[in-house]
1. Quick one: how many residues across region 360-383 are under 30 Å from Arg186 (Cβ atoms), crowded, with 17+ Cβ neighbours inside 10 Å and not hydrophobic (A, V, I, L, M, F, W, C)?
2. I'd like the full set of residues that are in contact (Cβ under 8 Å) with a residue 60 or more places away in the chain, surrounded by fewer than 17 Cβ atoms within 10 Å (Cβ to Cβ) and within 23 Å of Ile72 (Cβ to Cβ), limited to region 284-304.
3. Kindly establish whether Leu150 is touching a residue at least 24 places away in the same chain (Cβ under 8 Å), farther than 24 Å from Phe364 by Cα, buried (at least 19 other Cβ atoms within 10 Å of the Cβ) and not polar (S, T, N, Q).
4. Of all residues in region 196-221, which are among the small types (Gly, Ala, Ser), outside any helix (DSSP H, G or I) and buried (at least 17 other Cβ atoms within 10 Å of the Cβ)?
5. Filter region 227-275 for residues that are among the aliphatic types (A, V, I, L, M) and not in a strand (DSSP E or B); which is nearest to Asp206 (Cα to Cα)?
6. In this structure, does Met145 turn out to be assigned by TED's automatic domain parsing to the domain that holds Gly73, within 17 Å of the chain's Cα centre (by Cα) and under 15 Å from Ala341 (Cα atoms)?
7. Looking only at region 31-56, filter to residues that are under 22 Å from the mean Cα position of the chain (by Cα) and either touching a residue at least 60 places away in the same chain (Cβ under 8 Å) or not assigned by TED's automatic domain parsing to the domain that holds Asn363 (or both); which one of those is surrounded by the fewest Cβ atoms within 10 Å (Cβ to Cβ)?
8. Would you call Ala135 surrounded by 24 or more Cβ atoms within 10 Å (Cβ to Cβ), among the aliphatic types (A, V, I, L, M) and under 14 Å from the mean Cα position of the chain (by Cα)?
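The values are calculated or read from the model by the stated rules, or taken from the named source; none is laboratory data. Values in this document were obtained by computation on a predicted structure and should not be read as measured data. Quick reminder, even Gly has a Cβ in these numbers, built from the backbone with ideal geometry, and neighbours come from all protein chains shown.
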Amino acid sequence: MPIIPRVAELQPDIQAWRRDLHAHPEVMYDVHRTAAFVAERLRAFGCDEVVTGLGQTGVVGVIKGRRPGGVIGLRADMDALPIEEETNLSYASKTPGKMHACGHDGHTAMLLGAAQYLAETRNFAGSAVVIFQPAEEGGAGALAMIEDGLMDRFGIQQVYGMHNNPGMPVGSFGLRPGPIMASMDRISINIEGRGGHAAYPHKTIDSVLVGSQLVVALQSIVSRSVNPLESAVLSICVFRAGEVGNVIPSTAELRGTVRTLKPEVRDLMEQRMNEVVQGIALQSGARIVLTYDRGYPVVVNHAAETDIAARVAGGIAGAAQVNTDLVPIMGAEDFAYMLEARPGAFIFCGNGDSAGLHHPAYNFNDDAIVFGTSYWVRLVETTLAA
């Protein structure tokens, strides 16, 4: 496998950076130590420009090639999760209740390694913009950076992202053109009935029964309103009502999430949810309020850029190790906003047989470093060929 020799030499340093970041996780926009860590190294590498504070705590480095040309953006996320780590690693989180359970420490370290190599060699025409983003985990840090001028300020013409994937062999890659990750919407439903003694249910409007009807009826939207050839997930994850075993509560609360791969299916889910809620409110006599909060959009890979990414990955891992028809993932990713702003592609790299993402025993696989870092380097050198 044609791993870049210099990247292999840099692997111990990249691994050390990754483990330092792992030991000091920070969440959402509060990534001040991580951002300073990144900015300090970008300056030491000799980046032509280093900008901090974009999108609150984002960091951007600009590396210019040997001659003028296009501009490519490479993005890594920096934030961790509010999870208590259970790995017992020597470099485990030193911050109670926070851990890098999604591999953003690895993403950041690999892009730092690529930045060092690109700043040393500059074997490309144009500019490579390395983007270190906060708040991917629910905070829409990508959108914050875009709204702070990311794309226009640096003249980014195309943009690429990468994420590790547990269960995929180390050294392999996966992607697809079109939708690759789902939109993510949050739903909350507040039910107001009429409470009373459990022995006299006919004198109440039972919020628990109404909530139970809603849980079942809402699933019929996916099974009977959505085309079976399309994808949609509706999950009610919170059902909160009552405190006493012989009292029918007057109120109940449901909360959950909706995931889709197409805007029209997303619209249909919201429309039908409102109709189902209204129907059960009329039938039961309860007052029901649905709040449908749209979050991250669908991650949609652009065809031409996906082809470029696949060819570059194939040059690193070998064509047999690149799945160009990866099954879409119903998880969400705010890189979607960057792909709405500019053409580009999102790719997965193998993390081997590890615990799953967001699991307290998860750990980024350091063996993946040379593959991910080499991919970033070759992507720049290919798209901005000198």
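1. Filtering region 360-383 down to residues under 30 Å from Arg186 (Cβ atoms) leaves 360-364.
When the remaining residues are screened for being crowded, with 17+ Cβ neighbours inside 10 Å, the result is 362-364.
If we keep only those that are not hydrophobic (A, V, I, L, M, F, W, C) too, we end up with 362-363.
So the answer is 2.
2. Once the filter is applied, which keeps residues that are in contact (Cβ under 8 Å) with a residue 60 or more places away in the chain, surrounded by fewer than 17 Cβ atoms within 10 Å (Cβ to Cβ) and within 23 Å of Ile72 (Cβ to Cβ), region 284-304 yields only Ala303.
3. In short, yes.
4. Taking region 196-221 as the starting set, the residues that turn out to be among the small types (Gly, Ala, Ser) are 196, 198-199, 207, 211-212, 217, 220.
In the following step, the residues that additionally are outside any helix (DSSP H, G or I) were identified as 196, 198-199.
Of everything in region 196-221, just one residue is among the small types (Gly, Ala, Ser), outside any helix (DSSP H, G or I) and buried (at least 17 other Cβ atoms within 10 Å of the Cβ), namely Gly196.
5. Among them, the one singled out is Val244.
6. Answer is yes for this residue.
7. Residue satisfying both the conditions and the ranking: Gln56.
8. The answer is yes for Ala135.
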